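Take a look at the structure set out below.
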Amino acid sequence: MSLSFKYCNSLTEFSRFVTKEVNVGGVCMGGSNPIRVQSMTNTPTLDTNATVEQCIRIINAGADYVRITAPGVQDAQNLAAIKSSLRKRGYKTPLIADIHFNPQAAEVAAAIVEKVRINPGNYADKKRFELLEYTDVEYKLELERIRERLLPLLRICKEHGTAIRIGVNHGSLSDRIMSRYGDTPMGMVEAAMEFLRICKNEGFDQLVVSLKASNTRIMVQAYRLLVATMMAEDMNYPLHLGVTEAGDGEDGRIKSAVGIGALLADGLGDTVRVSLTEVPELEIPVAKNLVDYFSGRKTNPAIDVVCEEQKNPFEYKKRESIAVENVGGNNTPIVIVDYQSDITNAAHLPAEYVFFATRAESIVLKDNKRYITSMNDWFKYFREKKNVFPFYTAAQYLFYGPKHPHLNFVVLSLSEMDERMIEALKDDRRTVVIVETFNTNGVAEQRALLYKMLAASLTNPVIINRNYCEYNLEMFQIKAAADVGLLLIDGLGDGIWIRNAAESVQKSICALSLGILQATRLRMSKTEYISCPSCGRTMFDLQATTARIKQRTSHLRHLKIGIMGCIVNGPGEMADADYGYVGAAAGKVTLYKGKEVVRKNIPSEEAVDQLIDLIREHGDWVEP
């Protein structure tokens, strides 16, 4: 089956991709319903009171659904007591059972709650990290075995009006899928489609589907490919969006906004869960802020239609660009920030360029930093400075400006990228294009400009520029990450320049810019922690442990460290981590080097010290 590159209604006109309406306990998703938000409890499911109280906190925070893990049959049975207690206290919010490994638990839960989540990677398959070989006949027999395992659940769900989420995780693809497709977006899509096809053939359509990963590139590519595949097979089931193991604090919010925002921007998504290593109720405001940012978005003014076939949206390939000084080509993406007298002149500032708008006497230029200023000021005052470069408007670039012999910057909007500008840039190997927008649907307008450059075979480096006036730091992080992330995930930028007129948040801009580049897998500037949000399966205090590990290792900027509460997704989801810390049993931790287990069943009180020892043994430790 050949697929087109089409995965949404339009790349330039915002509209939601219409999916089938699915009824989850009277709170429907998909269709014309609003995008729903949800979170998941992290209390032991057998602790009825603790789980009920946490459900109430999540509901009061604004959740449309609450998910509860049910690892065993007893846990699934206790969902009835949890639901009864919530209903008696006046809470009608639909409940979702989260199932791994145990079809019997799913069947029990399906008669109690409003939706059941099952993971194709471990619902009917066992994962032993083995490379298996199947003939086509053997593969078909495996699919028939899965069908037989799934049929009892479908019968119960039909009887009780229970919806099902087919929830694929990048880290827990079955050995069968891995052997044929690898841990690729296509593998994730096929893992979901196998189950969706069975359900469709059995006449069951109350389905939601998710394809989660901690790698935002893979996550976005997988969802896009899923939509294209569903369209080709006459399916349009609602999408549950989420980035797994996003982490906590600023990093978790940025990473979630990058991945989820890239899909929401194209009208994809019917329910959202932001997975933070924090108390569950704190996930809801982040999810709501992210969803609200895209609600009612319009393209005003109109945006030129682009040819969707110019770029494959299902794989990462960086737009080809020349190197102009240290911008573009094979250089690491750069960061530009605006001048601030109290921090910008610090020698350790990691931004490559600092922009200042006027020749103020208070500005003290450092020899080890690079600066950008207006064309006029550069020509009058700084032409002899080797580390100051000119900034042009479109008109200045075309008609007036003397050019720097090595590096120039020109700021352009879509309307300014006309034939005259294209011709001027074609043979100019010393100019970097700063792409700006003030369109309500700025992502689409900037993408249209970049597609225009692709069509014209322009290879000038590109800086993605966005301007805000946002006083709330969390909202600023969400907006910027969602706006810039999509373009970086698609390989369309050589750097970013984020600006905010609100002075109270300006000092965070450099860290935010670097965080977005790290979340899009383009530039590592700090230790990356792949940490799960915790649930009832977690074998240790995930938040406290994550804080301890960060305190000891945050200076190891070259490393990725996975912190997983249990074995369900641990080894797979942290597959590209350098080291892993995974809950093995109550009070026990297993340590990984890459994908390999190196120390088993360590008492949790000793595990952080042993993790540090392990890093030392392998030569990756540096003194803080």
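The values are calculated or read from the model by the stated rules, or taken from the named source; none is laboratory data. Keep in mind that this is a model prediction, so the values were computed, not measured. Counting neighbours? That spans all protein chains shown, and the Cβs are built from the backbone with ideal geometry, glycine included.
Considering only residues in segment 103-134 that are modelled with pLDDT under 95 and of a type in the set (Gly, Ala, Ser), the one that is surrounded by the fewest Cβ atoms within 10 Å (Cβ to Cβ) turns out to be ALA124. Selection over segment 417-443 of residues that are in a loop (DSSP other than H, G, I, E, B), of a type in the set (Val, Ile, Thr) and touching a helix residue (DSSP H, G or I) at 6+ places or on another chain (Cβ under 6 Å) gives a count of 1.
The residue that is nearest to ARG224 (Cα to Cα), counting only those in segment 168-202 that are without any contact (Cβ under 8 Å) to a residue 40 or more places away in the chain and small (Gly, Ala, Ser), is GLY187. Restrict the check to segment 196-212 and report whether at least one residue is at pLDDT below 95, under 22 Å from the mean Cα position of the chain (by Cα) and not small (Gly, Ala, Ser). Checked segment 196-212: at least one residue is at pLDDT below 95, under 22 Å from the mean Cα position of the chain (by Cα) and not small (Gly, Ala, Ser). In segment 490-518, the residue that is farthest from the chain's Cα centre (by Cα) out of those that are assigned to a loop (DSSP other than H, G, I, E, B) and at pLDDT 95 or above is ASP494.
To keep it simple, each residue is scored yes or no on (1) of a type in the set (Phe, Trp, Tyr); (2) without any contact (Cβ under 8 Å) to a residue 40 or more places away in the chain; (3) out of contact with any Lys or Arg (no Cβ under 8 Å at 6 or more places or on another chain); (4) more than 23 Å from LEU425 (Cβ to Cβ).
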position: ASN368; (1), (2), (3), (4): no, yes, yes, yes
position: THR373; (1), (2), (3), (4): no, yes, no, no
position: ASN376; (1), (2), (3), (4): no, yes, yes, no
position: LYS386; (1), (2), (3), (4): no, yes, yes, yes
position: LEU407; (1), (2), (3), (4): no, no, no, no
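Applying the criterion of being modelled with pLDDT under 95 and closer than 18 Å to LYS288 by Cβ to the residues of segment 220-247, the residue that is surrounded by the fewest Cβ atoms within 10 Å (Cβ to Cβ) is VAL243.
Exactly one residue among LYS386, LYS366 is at pLDDT 90 or above, out of contact with any Ser or Thr (no Cβ under 6 Å at 6 or more places or on another chain) and in a loop (DSSP other than H, G, I, E, B), and that residue is LYS386.
Residue count for segment 158-192 under the criterion of being assigned to a loop (DSSP other than H, G, I, E, B) and either at pLDDT below 95 or among the β-branched types (Val, Ile, Thr) (or both): the result is 6.
Looking only at residues in segment 575-590 that are part of a strand (DSSP E or B) and more than 26 Å from the chain's Cα centre (by Cα), which one is farthest from VAL608 (Cα to Cα)?
From segment 575-590, those part of a strand (DSSP E or B) are 579-585, 588-590; that's our starting set.
Pick out the ones that are also more than 26 Å from the chain's Cα centre (by Cα) and you get 584-585, 588-590.
Numbers: ALA584: 14, ALA585: 16, LYS588: 12, VAL589: 9, THR590: 11 Å.
Only one residue fits best here, namely ALA585.
Quick check on my filter: what residues within segment 533-565 are modelled with pLDDT of 70 or more and assigned to a loop (DSSP other than H, G, I, E, B)? Listed by number, the residues that qualify are PHE540, ASP541, SER554, HIS555, LEU556, ARG557, HIS558, LEU559, GLY565. Only a single criterion out of (1) surrounded by fewer than 21 Cβ atoms within 10 Å (Cβ to Cβ); (2) under 24 Å from LYS452 (Cα atoms); (3) β-branched (Val, Ile, Thr) is not satisfied by VAL279, namely (2). For segment 24-50, a tally of residues being farther than 22 Å from THR271 by Cα and either in a helix (DSSP H, G or I) or in contact (Cβ under 8 Å) with a residue 24 or more places away in the chain (or both) returns 7.
How about segment 304-336: which of its residues are within 30 Å of SER32 (Cβ to Cβ) and in contact with a Leu (Cβ under 7 Å, 6 or more places away or on another chain)? ASP304, VAL306, GLU308, PHE314 - these are the residues of segment 304-336 that are within 30 Å of SER32 (Cβ to Cβ) and in contact with a Leu (Cβ under 7 Å, 6 or more places away or on another chain).
In summary, ALA81 fulfils each of the numbered conditions (1) in contact (Cβ under 8 Å) with a residue 60 or more places away in the chain; (2) over 23 Å from GLY565 (Cβ atoms); (3) surrounded by fewer than 18 Cβ atoms within 10 Å (Cβ to Cβ) with the single exception of condition (1). Condition check: farther than 30 Å from VAL274 by Cα, among the hydroxyl-bearing types (Ser, Thr, Tyr), at pLDDT 95 or above and not assigned by TED's automatic domain parsing to the domain that holds ARG224. Does TYR468 satisfy that? Spelling it out, it is not the case that TYR468 is farther than 30 Å from VAL274 by Cα, among the hydroxyl-bearing types (Ser, Thr, Tyr), at pLDDT 95 or above and not assigned by TED's automatic domain parsing to the domain that holds ARG224. For segment 148-181, the set of residues classified as buried (at least 18 other Cβ atoms within 10 Å of the Cβ) and either acidic (Asp, Glu) or under 24 Å from VAL22 (Cα atoms) (or both) consists of LEU150, LEU153, LEU154, CYS157, THR162, ALA163, ILE164, ARG165, ILE166, GLY167, VAL168, ASN169, listed by residue number.
Could you tell me which residue of segment 193-216 is nearest to ALA232 (Cα to Cα), considering only residues that are in a helix (DSSP H, G or I) and touching a strand residue (DSSP E or B) at 6+ places or on another chain (Cβ under 7 Å)? If you could, list the steps in order and put the result at the bottom.
Quick first cut of segment 193-216, residues in a helix (DSSP H, G or I) only: 193-201, 216.
Filter again for touching a strand residue (DSSP E or B) at 6+ places or on another chain (Cβ under 7 Å), leaving 195-196, 199, 216.
Numbers: PHE195: 16, LEU196: 13, CYS199: 17, THR216: 24 Å.
Of everything passing the filter in segment 193-216, LEU196 is nearest to ALA232 (Cα to Cα).
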